[in-house]
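Enquirer: Okay, handing you the structure first.
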Amino acid sequence: MLGLTLAGPAQANPVLLVEADTGRVLDQKEAGRPWHPASVTKLMTVYVALNAVKNGRLTLDTPLTVSAAAASQQPSKMGFRPGTVVTLDNAMKMVLVKSANDMAWVVGEGVAGSMPAFVAEMNTTAAHLGMSGTHFENPNGLPDPDQITTARDLAILARAIIYHFPEHEALFRIPAIKIGKAVLRNYNRLIDRYPGADGMKTGFVCGSGYNLVATATRGNKRLIAVVLGARSGTARTEQAALLFEKGFQSSWGVFGAAQPLLSNISNTGGPAYDMKPEVCGGKRAVTASEADDEPESSSGGFAFAAPVLPKSGAELLQTLPPSMPPVVVYVGTRGAPQDLATAYPEDEKPKKKPAAKDTKQAKTSGGAESASAESGDSAKPAAKPKPKTAASKPATATASTGDEAKSAAKPKSASTSGASTSGTTTSGEKPASGTAQKKQVQPQAPVTAGSVPAPKPKPKPKPAETPTESAAPAPKPAT
């Protein structure tokens, strides 16, 4: 076992590193400590939806309708008006890549018929999987004091996803989605930057800090890393990369030969820690948001006595060839895709280009808007919208408090491809005016594991048979 010393202040946030096939713990720190999950909640939302598909309750092509309640969810969101139809497949892709809070609500209502019924199913599933320190109040992770989990429980959920739904594994590692002309990059910055990274989901609200559940594979070894409460998006990415690198070094191990199983970790109970003063306090130069990729002076983490591992996770990140092109998503159904322009409220459709004398004023106001807070509990309220027509979406909350929140409801066109590794995500642009608005997006077949060139190791433990209309059992770790 390699000797190690702390470099700088100790990181207090919970972390966990687990072998996916055996459930053996390679590294952990406060993995049973209660924490707000933020948008990693959406892993359970998608798990429950996939379980419903497996049990025949609905299919990937089942049309789901955006309700007024879904449309009222705070950003990050797609911003579709009530009545817009999306398939379950497209909704899940928007949930996992864009982290769309409105689409998570749409999925929940579409699967269970009502939100209380879906949340009850989430909690029943969590208990069935052995997630004893987890409780859900909503399907998207927006702030709620009673929505809690632990790193241990999230690793259990990640293992269940891997082994109960291997045919859908590519859903969790899509680098970007394309809707209309807009390309929206996944917030998981390990994808196409850390060799072997292949999922799963990020999360952020002020109370939780920056969360990440991630998986990576090298050869026949797949690892699960959980990082909760990092101080920035960059910090969580680098911390997870360093955890993975340690796990792939066969000579390294915190526990030596006596590696405990994931089930041996106990959840401690008690209230969840509040990160808001640290990540959304007044001393920050910029408002915290899911798009925060600013480096931190203390993000180096550990300094190792042996030279086989880097001192910082930043040294492990690089620009890799795109693992897949941006995946096309659309509104409407597979057989009848809907004109994207009709999916947005009337007051959010493109306006005419301002006259020349107003150009300077328009640029000034646009600059001020772009500099405003994108997310976080401390985000400033957006300007009041103009009066809406009868067909418009109900007014939504303007204070951005949700995970990966964005001030604009619509996606903005990206200047680079979805496989870009620049770390920037664009959203908020309205559809182009003129004939471009009328162009329909052609549907694309659901992403499957077979469409991705990188093979996955076959799971060693075989999951138990899933009874009809019930949650899938937890995978049994090897002894």
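The values are calculated or read from the model by the stated rules, or taken from the named source; none is laboratory data. Every value quoted in this text rests on a predicted model; they were computed, and no experiment measured them. Ideal geometry is used to build each Cβ from the backbone, glycine not excepted, and the neighbour counts take in all protein chains shown. SASA here: full protein model, heavy atoms, side chains in, ligands and nucleic acids out. Shrake-Rupley method; radii C 1.70, N 1.55, O 1.52, S 1.80 Å.
Enquirer: Name the residue, out of Gly207, Gly203, that is assigned to a strand (DSSP E or B) and not hydroxyl-bearing (Ser, Thr, Tyr).
Expert: Every option except Gly203 fails the conditions.
Enquirer: In the stretch 234-242, is there at least one residue being more than 28 Å from Val329 (Cα to Cα), hydrophobic (A, V, I, L, M, F, W, C) and part of a loop (DSSP other than H, G, I, E, B)?
Expert: no
Enquirer: I'm trying to understand the selection: among the residues of the stretch 163-178, which are assigned to a helix (DSSP H, G or I) and surrounded by 24 or more Cβ atoms within 10 Å (Cβ to Cβ)?
Expert: Selection gives Leu171, Phe172, Arg173.
Enquirer: While we're on this one: Would you be able to say whether some residue in the stretch 29-36 is at pLDDT 95 or above, under 19 Å from the mean Cα position of the chain (by Cα) and more than 20 Å from Ile162 (Cα to Cα)?
Expert: yes
Enquirer: Can you say whether Val279 is modelled with pLDDT under 95, closer than 30 Å to Gln74 by Cα and touching a Cys at 6+ places or on another chain (Cβ under 9 Å), as far as the supplied structure shows? Reasoning before the result, please.
Expert: Numbers: modelled with pLDDT under 95: yes; closer than 30 Å to Gln74 by Cα: yes; touching a Cys at 6+ places or on another chain (Cβ under 9 Å): yes.
Yes: the conditions hold for Val279.
Enquirer: Quick one: how many residues across the stretch 193-215 are open to solvent by less than 10 Å² (accessible area, probe 1.4 Å), within 16 Å of the chain's Cα centre (by Cα) and of a type outside the set (Val, Ile, Thr)?
Expert: Within the stretch 193-215, residues that are open to solvent by less than 10 Å² (accessible area, probe 1.4 Å), within 16 Å of the chain's Cα centre (by Cα) and of a type outside the set (Val, Ile, Thr) number 13.
Enquirer: Would you be able to say whether some residue in the stretch 119-139 is part of a helix (DSSP H, G or I), over 26 Å from Asp347 (Cα atoms), touching a helix residue (DSSP H, G or I) at 6+ places or on another chain (Cβ under 7 Å) and of a type in the set (Gly, Ala, Ser)?
Expert: yes
Enquirer: Okay, moving on. Evaluate the following for Leu142: is it more than 13 Å from Leu212 (Cα to Cα), assigned to a loop (DSSP other than H, G, I, E, B) and either in contact with a helix residue (DSSP H, G or I) (Cβ under 7 Å, 6 or more places away or on another chain) or modelled with pLDDT of 95 or more (or both)?
Expert: Here the answer is yes, as Leu142 does meet what is asked.
Enquirer: Now for a separate question. When you scan the stretch 55-73, how many residues do you find that are in contact with a Ser or Thr (Cβ under 6 Å, 6 or more places away or on another chain) and open to solvent by 10 Å² or more (accessible area, probe 1.4 Å)? Quick ask: steps written out before the conclusion?
Expert: If we filter the stretch 55-73 for residues that are in contact with a Ser or Thr (Cβ under 6 Å, 6 or more places away or on another chain), which is where we start, we get 55, 61, 63, 66, 72.
Now drop any that are not open to solvent by 10 Å² or more (accessible area, probe 1.4 Å), which leaves 55, 61, 63, 72.
The qualifying residues number 4.
Enquirer: What number of residues in the stretch 179-191 are open to solvent by 10 Å² or more (accessible area, probe 1.4 Å) and in a loop (DSSP other than H, G, I, E, B)?
Expert: 2
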